[in-house]
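Notes follow the structure.
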Amino acid sequence: MATPATVLGLTPRQRHLSRWQMLKNERNSWLEHWRDLSDHVNPRRARFLSTDRNRSTRNTTIINSTPTSAAKILTSGMMAAISSPARPWFRLTTPDPTLAEQGEVREWLHQVEELVREALARSNLYDCLREVYDSLAIYGVAALHVEQDDQDILRGFVFPVGQYALATSATQRIDTVYRELSMTTRQLFQMFGRDKCSNSVHTAYDAGNLDQWFEVLHVITPNEDYEQGKLGPKGKAWASCWMEMKADNSAGYLRESGYEEMPVICPRWEVTGEDVYGWCPAMHALGDCKELQHLEKRYAQAVDKVVNPPMLAPSTMMTRRISLLPGDTTPVDGITGHQKVEPAMVIAPQALSAVETKIAKVERRINSAFLADLWLLQTQADGKMTATEVAARQEEKMLQLGPVLHRFQNEGLNPLFDRVFALLHRLGLIPEPPEVLDGMNLRVEYLSIVETAQRVLGAASVERFAAFVGSLITMSPESIDKVDVDEVIDGYAAALSIPPDMVRADENVAKLRAARDQRLQAQQQGEAMMAATQGAKNLAGASMEGDNGLTRIAQQMGIEPGVPTGQA
């Protein structure tokens, strides 16, 4: 069926350029908001013009750095809470918990976990994730492009806000990314080859202008012509194309390819309705950020007037040089000696104190909006805190971050794992799974501070239960029959995220116990045989004279004592 663009006679290149303009128009209201946020929080994270490249951006608006510091604290806190490279923050498992307990499955899952961790640590993705958190905190949206890298296996690229535009599917998932960027002549030749570049690029290259900049548009969208199993771009679920922005309309693509999964991860802090872009703490604090800079400016002006105030002097003294330098002398005639130079205005100390108090209140509101006060609860606490107080404050922090973490897992971490796992699998780095996992989707469990805190609470419950059962056993030993000790151990290990190689799988425990039972049975049989042998030996040497146990047994059997068997 013909699309509207086909009816209008537009080439695929023209269709993309037209849609890019429409997406930018849709983004315009957000763009102005982002500019405001950039000016008052972090001027170096966004890029609103292609000519902004390689230019140092000064803090022309920021006088008080509290908003920038608060955003940095939130970013660092999220990095530590969600995806710290210093500790295991995810675990692979199966939808069926009993299946995940099988020995070969557990070993394979643990092996894959280590491979993924190694790939993430080797790449630049941890650096990229920190930029993602920063962009989320300030602009409410981020875009992380994950590609295969010949040197480090994985390579991430974080798109600056203002450089890209997004679109969502009918299910409100971001599935379209348009990005305008700048590339040098040399970069274009390296990435696409001479034959794909325009005449303008050829001219610049031949003239030796290897660092001349050209505008390029990269488009990633769902593939409308997707055919499963087809070779080439049509066999990819996601279409990708690169083009020069100012090339002739008859020009084709610099590159046309595709991806088997969405390569760009676009998490959002919070979203309203069908909005494409999200909102975030910096947007809540923007008014306070503006007020803070205004107050700082007024405070500096007041201090300046106190230290170096505007002065009043009689007109008769203005005809000669008046010095206001410390220790200097200004000669005055006797007739006019009573005249003096004095401040035109006097700033009361209470006024400076009032402004300082107001600034402190605004700073606290900004830190609260960025949740910085939560991350610094322990460092800002007066005196030592008890373990109960620390736990309560951690719980308060988790209540604030819980919804944000849940959304980030759905829109950020899950697509990231899908992409990373798929790339590693296509590179042949993922070992063959056990047959029981054939065709099964894995599940990722995230061990963030929230989940870890919940798991620790669960482990504490297990400890209390075990202590309670232990006290009962001393009074009633048979009460142990009520407890499945193996399940208690497995549950406690899972709650504390104990590595699977430290806890034996159920089938290995069964084999170990079966072998122990066999050894015990063999030992009991040996002891029984030894007892029977000793009994026979003792019986053979027993006396048949007199009245004893053996003679009584013989009489019951009809044998007279002292008479050999077989004789009357």
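Summary table
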item	result
Carbon/sulfur fraction of accessible area - segment 1-132, other protein chains in place, 1.4 Å, %	51
Å² per residue, accessible surface of segment 62-133 at 1.4 Å	40
Peptides ranked, highest mean first, by Cβ atoms within 10 Å: ranges 204-216, 65-77, 341-353	65-77, 204-216, 341-353
Quarter of Cα convex hull surface for segment 229-275, i.e. mean projection, nm²	5.7
Surface share of carbon and sulfur [accessible, 1.4 angstrom probe, percent] for segment 195-235	43
With 5 Å bins from 0: P(r) over segment 43-202, alpha-carbon pairs, percent	1, 7, 11, 13, 16, 16, 13, 10, 6, 4, 2, 1, 0
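The values are calculated or read from the model by the stated rules, or taken from the named source; none is laboratory data. Just so it is clear, the structure is predicted and the values come from calculations on it, not from any experiment. Every residue, glycine as well, gets a Cβ built from its backbone with ideal geometry; the counts of neighbours run over all protein chains shown. Just the protein is used for accessible areas: all its heavy atoms, side chains included, with ligands, DNA and RNA removed. Shrake-Rupley method; radii C 1.70, N 1.55, O 1.52, S 1.80 Å.
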